[in-house]
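Worksheet for the structure shown next.
The values are calculated or read from the model by the stated rules, or taken from the named source; none is laboratory data. Predicted, not measured: the structure shown is a model, and the values here were computed from it. Neighbour counts run over all protein chains shown; Cβ positions are idealised from the backbone, glycine included. The protein model used for the area step is the full one, side chains on, heavy atoms only, and it has no ligands, DNA or RNA in it. Shrake-Rupley method; radii C 1.70, N 1.55, O 1.52, S 1.80 Å.
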Amino acid sequence: MFSVNQYVKAKTLKEAYELNQARNSRVMGGMMWMRLGNARVQTIIDISGLGLDGIEETDHVFRIGAMCTLRALEQHEGLQEMYGGAIKEAVRHIVGVQFRNQATVGGSIYGRYGFSDVLTCLLALDTFVELYNGGTIRLSEFVSHRPDNDILVSVIIRKRERKIRYASVRRTATDFPVLACAVVTGLLHGEECWYVSVGARPMRASLLEKFWRISRDTDAEQIAAYAKEAAAAFSYGSNMRGSAGYRRHLAEVLIRRAITSIVSEEANV
Ligand SMILES: Cc1cc2nc3c(=O)[nH]c(=O)nc-3n(C[C@H](O)[C@H](O)[C@H](O)COP(=O)(O)OP(=O)(O)OC[C@H]3O[C@@H](n4cnc5c(N)ncnc54)[C@H](O)[C@@H]3O)c2cc1C
């Protein structure tokens with residue numbers, strides 16, 4: 001059973017960070033995951049009073065506060081305008097609306113869960129995390145760090161001309177994904193770069209960058225070959241939801257469909 005000895009509502013990030021340095025302290029997100037565990041927490045630190053629950057949009061970035069809920073992420077008009085339905089698609093399968101009204105972006109990203117749709121999706125975009133002590137680093141770097149006692153303050157997505165597709169496969173609606181995949185294309189150093197993020201392998205999402213030359217004239221066989229190459233670059237494991245071989249096959253199919261969808265959108269512009 002999960003138990004807590006002391007609850008503190010932090011007045012500043014500094015106070016929250018200092019409290020979090022004790023071995024048995026934990027920062028609270030929405031508590032949706034943490035409360036299912038067996039931890040005996042000495043001090044639980046509530047950061048909900050620190051103004052971190054919004055999404056701020058500027059000319060250059062979206063700054064998503066750690067306490068922003070998954071539901072707010074799903075419904076944000078600016079994100080939908082910039083990325084179509086991709087971010088919404090990544091979160092809409094997570095349990096249900098009431099759940100997403102409580103689970104936070106901070107808890108989802110800080111946890112670096114293998115099954116995370118949120119991580120898989122944001123990893124393929126130009127995304128950074130702002131840490132209280134560790135500064136602002138790329139999400140792709142943060143993913144490989146071991147969890148420590150820092151505080152995730154916000155998630156920052158740099159606005160770039162990028163096209164994104166997100167898809168997942170689930171055995172039943174609202175279950176954890178068997179496989180999750182995001183494909184993004186955009187310019188990097190003046191060349192078109194394709195970013196492929198595959199999560200729920202069942203290991204946590206990782207990112208592949210490829211300078212594929214794909215245009216509206218690229219034929220289906222070539223796109224299929226790129227998808228096969230990308231899927232083969234990730235490792236996969238087996239669990240009760242699917243075998244490694246099945247996951248690799250799903251990855252290939254989802255990547256191919258995503259590339260095809262992006263290219264056909266470009267052809268119709
Ligand atoms: C039944 C169930 C099904 C789920 N299905 C899916 C799914 O299909 N896809 C998916 O992507 N996700 C899924 N999730 C995960 C969910 O979306 C959230 O990611 C998860 O609940 C954590 O978010 P939270 O706000 O509840 O964090 P909490 O449970 O409060 O915290 C999680 C961890 O993060 C730490 N933490 C929280 N906020 C911060 C911060 N700002 N700084 C530092 N550390 C912090 C906490 O100390 C704790 O260790 C599921 C969760 C559950 C319980």
Please state the shape class of the stretch 55-158: rounded when a/c is under 1.5, otherwise prolate if a/b exceeds b/c and oblate if not, all from the C-alpha gyration tensor. oblate
Asn133 neighbourhood, Cβ < 11 Å, K/R = +1, D/E = -1, net charge -3
Less than 19 Å apart at the alpha-carbon level, and either on another chain or at least 8 residues along: which lysines does that give for Lys163? Lys88, Lys210
Roughly how many percent of the accessible protein surface of the stretch 1-143 is carbon and sulfur, given a 1.4 Å probe and a whole-percent answer? 48
Using only the alpha-carbon atoms of the chain, report the extent along each of the three principal axes, biggest first, to the nearest angstrom. 62, 45, 31
Can you check what the net charge comes to around Ala251, using other residues whose Cβ is under 13 Å from the Cβ of Ala251 (Lys, Arg +1; Asp, Glu -1)? +4
Could you please report the charge total around Lys9, scoring K, R as +1 and D, E as -1 over all other residues with beta-carbon less than 12 angstrom from its beta-carbon? -1
Phi-based couplings in Hz for the stretch 146-158 (Karplus 6.51, -1.76, 1.60; Gly and Pro marked x): 6, x, 10, 9, 7, 10, 7, 8, 7, 10, 10, 10, 6
Just name one of Ile45, Leu125, Gln6: the one whose Cα is farthest towards the positive end of the charge dipole of the chain (beta-carbon charges, Lys/Arg +1, Asp/Glu -1). Gln6
Calculated FRET value between Asp175 and Gln102, using beta carbons and R₀ = 22 Å, to 0.05: 0.70
Search the structure for amide H atoms under 5 Å from the amide H of Val4, placed 1.01 Å from N in the peptide plane, and list their residues when 5 or more places away or on another chain. Val41
List the GluC sites (Glu not before Pro) within the stretch 124-197 that fall in a DSSP loop (any state other than H, G, I, E or B) and whose Cβ has at most 13 other Cβ atoms within 10 Å. Glu161
Give me the dipole magnitude in Debye, nearest 20, for the stretch 163-267 about the Cα centre, with unit charges on the beta carbon: positive for Lys and Arg, negative for Asp and Glu. 580
Calculate the dipole size of the stretch 3-44 relative to its Cα centre from +1 charges on Lys and Arg beta carbons and -1 charges on Asp and Glu beta carbons; express the result in debye to the nearest 20. 60
The answer for the chain, counting only DSSP H helices whose Cα atoms cover 15 angstrom or more along the axis and whose Kyte-Doolittle average is 0.0 or greater, is 220-232, 244-267
Considering only DSSP beta bridges where both residues belong to the chain, give the percentage that are antiparallel (nearest 5). 80
If the cut-off is a Cα-Cα distance under 20 Å, which aspartates and glutamates reach Lys9, setting aside same-chain residues fewer than 8 apart in sequence? Glu18, Asp46, Asp53, Asp150
